[in-house]
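Asker: Quick one: the structure is below, and I'll ask about it shortly.
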Amino acid sequence: MRAAGDILLIACYELGHQPLAVAWPAAFLARAGYAPTVLDLAVEPLDAEKVRRARLVAISVPMHTALRLGVRVAARVRELNPGARLVFYGLYAALNADYLTRHAGATAVIAGELEAELVDLVHRLESSLPTASASRATVLDKLDFPIPSRSALPSLKKYAHVERPGGGLDLVAYVEASRGCKHYCRHCPIPPVYGGRFFVVPVDVILADVRQQIAAGATHVTFGDPDFLNGPGHALAVARALHAEFPTVTFDFTAKIEHLLRQRHHLPELAALGCLFIVSAAEALDDRVLAILDKGHRGADIVSALEATRAAGIALRPTWVAFTPWTTLDGYRAWLDFIESADLIDAVDPVQYGLRLLVPPGSLLLGHEAMRPHLGALVAESFCYEWTHSDPRVDALQRAVSEAVAAAADRREDAGLTFQTVRALADEAAGAAPRAVSAPAVARRRVPRLTESWFC
């Protein structure tokens, strides 16, 4: 299987960035003497000839959207090349292994620190050693990371850009300083796979990866770790090394609200090192919802984190799960009022106003007593469980908001106008008097952002 093209790695969607979940497996395989080919279907068409030449096709499914696309890709692969071995890998592969092996034709499903296992699988196939008809593996062994292989991937110009407050658009590098997470947020897909563990990537490997992307034109770096501050000492070492070599390069990262508060004394230094903004999964303002999700913070902590980041000169971009089985109409309207009063309208991608809690197989929510009254059946082909709110008005509002924000995105509407539409829908659902619609405020706090809207 060492001929070029025998192994095909396919990415379907990775939040608008160049897919590290393909670049790293490609590097592991290359180090073992293989010459994989790669495709990123988020920005390029399926290449039928690459599929036909492959003896093994591995599809990356790190998130729900990628999995839904990946299953369709797998069906096309089976049509074009029925004899190819089909592998799914990533977080959502592990959570949906039953479906993938029984219905999607998967020869193997791999998750966790998976690259060495993928290389071993290729070795077994090459050596004609017996393999299980449908093997599954979640690996949590520490890896010896090579520098990700990006040369065969599409140009950074095809991916999300960073939009700076002044309106400039720049190319973005994407790296990960750590993988996994030490926390157990119940709605997150990481704990069922990683079980509270996380693994750091050596600083020299991270810098080498940044270096090759800056050579390709990037002037900003996104650290895509589930939580950059899981290991604060490592995070600071990475940020300091980045700034020392590339003092004009900026960066962003993701971190929990509780970590931002615990490490608030480091925020001014992170700002001085080039941090433009931080993404944080705030999820909700309601303390009951936060407790059920086991987020580790309260609604008041979000306000404190916002104050701390702004004082340091860093923009906070909180992300939210707007609709849960415990969301109330009053709570939703209070959340919208908070977004306006805290000057966050431009810090929240409008798609988040309609996001509904996703409950995949293996979710830690499935055994929670608060979830049981709302939980429906597993919809295997949708890779999630149904759930129903006790107040039909809330489910109806979620549908209406989702449709409204999708239509607004299609016409590239100003975020302030979309916000007013959403608030009007919420007021109507609650039977409240409509508010006067005003023109979008010129003086809103404009914050840096990536041009790809966040969603799972």
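Every read-out reported here was derived from the displayed coordinates using simple, explicitly stated rules and does not represent laboratory data. Given the structure is predicted, the values throughout are model-derived calculations rather than measurements. Every residue, glycine as well, gets a Cβ built from its backbone with ideal geometry; the counts of neighbours run over all protein chains shown.
Asker: Full extension from residue 380 to residue 30: what is 0.36 nm times the residue separation minus their Cα-Cα distance, to one decimal in nm?
Answerer: Values: separation 350, 0.36 × 350 = 126.00 nm, distance 3.52 nm.
Additional length available on full extension: 122.5 nm.
Asker: Once amide H atoms are placed 1.01 Å from N in the peptide plane, what residues at a sequence separation of 5 or more from residue 256, or on another chain, have their amide H within under 5 Å of its amide H?
Answerer: Placed amide hydrogens put 229 under 5 Å from residue 256.
Asker: For region 322-336, just list the computed ³J(HN,Hα) in residue order, Karplus coefficients 6.51, -1.76 and 1.60, θ = phi - 60°, integers in Hz, with x standing in for Gly and Pro.
Answerer: So the J values, rounded to whole Hz, are 5, 10, 10, x, 10, 6, 10, 4, 5, x, 5, 5, 5, 5, 4.
Asker: Between residue 265 and residue 203, what length comes free when the chain is fully extended (0.36 nm per residue of separation minus the Cα-Cα distance, one decimal in nm)?
Answerer: 20.1 nm
Asker: Given the pairs 157/295; 142/295; 50/182; 157/256; 158/295; 50/295, which are separated by over 32 angstrom at their Cα positions?
Answerer: As for pairs spanning more than 32 Å Cα to Cα, those are 157/295; 50/182; 158/295; 50/295.
Asker: While we're looking at this one, here's another question. Go through region 394-408 residue by residue and turn each phi into a ³J(HN,Hα) via Karplus (6.51, -1.76, 1.60, θ = phi - 60°); whole Hz please, and just put x for glycine and proline.
Answerer: 5, 5, 5, 5, 4, 5, 5, 5, 4, 5, 5, 6, 5, 5, 5
Asker: Expressed as a rounded percentage, what relative contact order does the chain have, with Cα pairs under 8 Å and six or more residues apart?
Answerer: Values: 854 pairs, mean separation 57.2, N = 456.
Averaging sequence separation for qualifying contacts and normalising by length gives 13 percent for the chain.
Asker: Would you please give the residues with an amide H less than 5 Å from that of residue 46, counting only those at least 5 places away or on a separate chain, with H modeled from the backbone geometry?
Answerer: none
Asker: Also, I was wondering about something else. By the gyration tensor of its Cα atoms, with a ≥ b ≥ c the square roots of the eigenvalues, what is the shape of region 135-174: rounded for a/c under 1.5, prolate for a/b over b/c, or oblate?
Answerer: prolate
Asker: With the alpha-carbon atoms as the only input, what is the per residue convex hull volume for region 232-318 in Å³?
Answerer: On the way: hull volume 6.5 nm³, N = 87.
Cα-based convex hull of region 232-318, divided per residue, equals 75 Å³.
Asker: Sort region 174-320 into rounded, prolate or oblate with this rule: let a ≥ b ≥ c be the square roots of the eigenvalues of the Cα gyration tensor; rounded if a/c is under 1.5, and if a/c is not under 1.5, prolate when a/b is larger than b/c, oblate otherwise.
Answerer: oblate
Asker: I've got another one for you. Starting at the first residue of region 362-377, write each ³J(HN,Hα) from the Karplus equation 6.51 cos²θ - 1.76 cosθ + 1.60 with θ = phi - 60°, in whole Hz, x for Gly and Pro.
Answerer: With coefficients 6.51, -1.76 and 1.60, one gets x, 4, 5, 6, 4, x, 7, 4, 6, 7, 4, x, 9, 6, x, 7 Hz.
Asker: Which residues does the label zone of residue 240 cover in region 266-289, counting backbone N under 16 Å from a point 7 Å along Cα→Cβ?
Answerer: Inside the label zone: 266-275.
Asker: Let me ask another. Where the centre of each part is set by its Cα atoms, how far does region 361-418 sit from region 185-201, in angstrom?
Answerer: Each part's Cα centre sits 23 Å from the other's.
Asker: In terms of the Cα gyration tensor, with a ≥ b ≥ c the square roots of its eigenvalues, is region 1-144 rounded because a/c is under 1.5, prolate because a/b exceeds b/c, or oblate?
Answerer: rounded
Asker: 222 nm [θ] for the chain, helices only, -39500 (n - 2.57) per DSSP H run of 4+, per residue, to 500?
Answerer: Values: 16 runs with 171 residues, N = 456.
One gets -11500 deg cm²/dmol as the mean residue ellipticity at 222 nm.
Asker: Between residue 393 and residue 151, 0.36 nm times their residue separation minus their Cα-Cα distance comes to what?
Answerer: 82.1 nm
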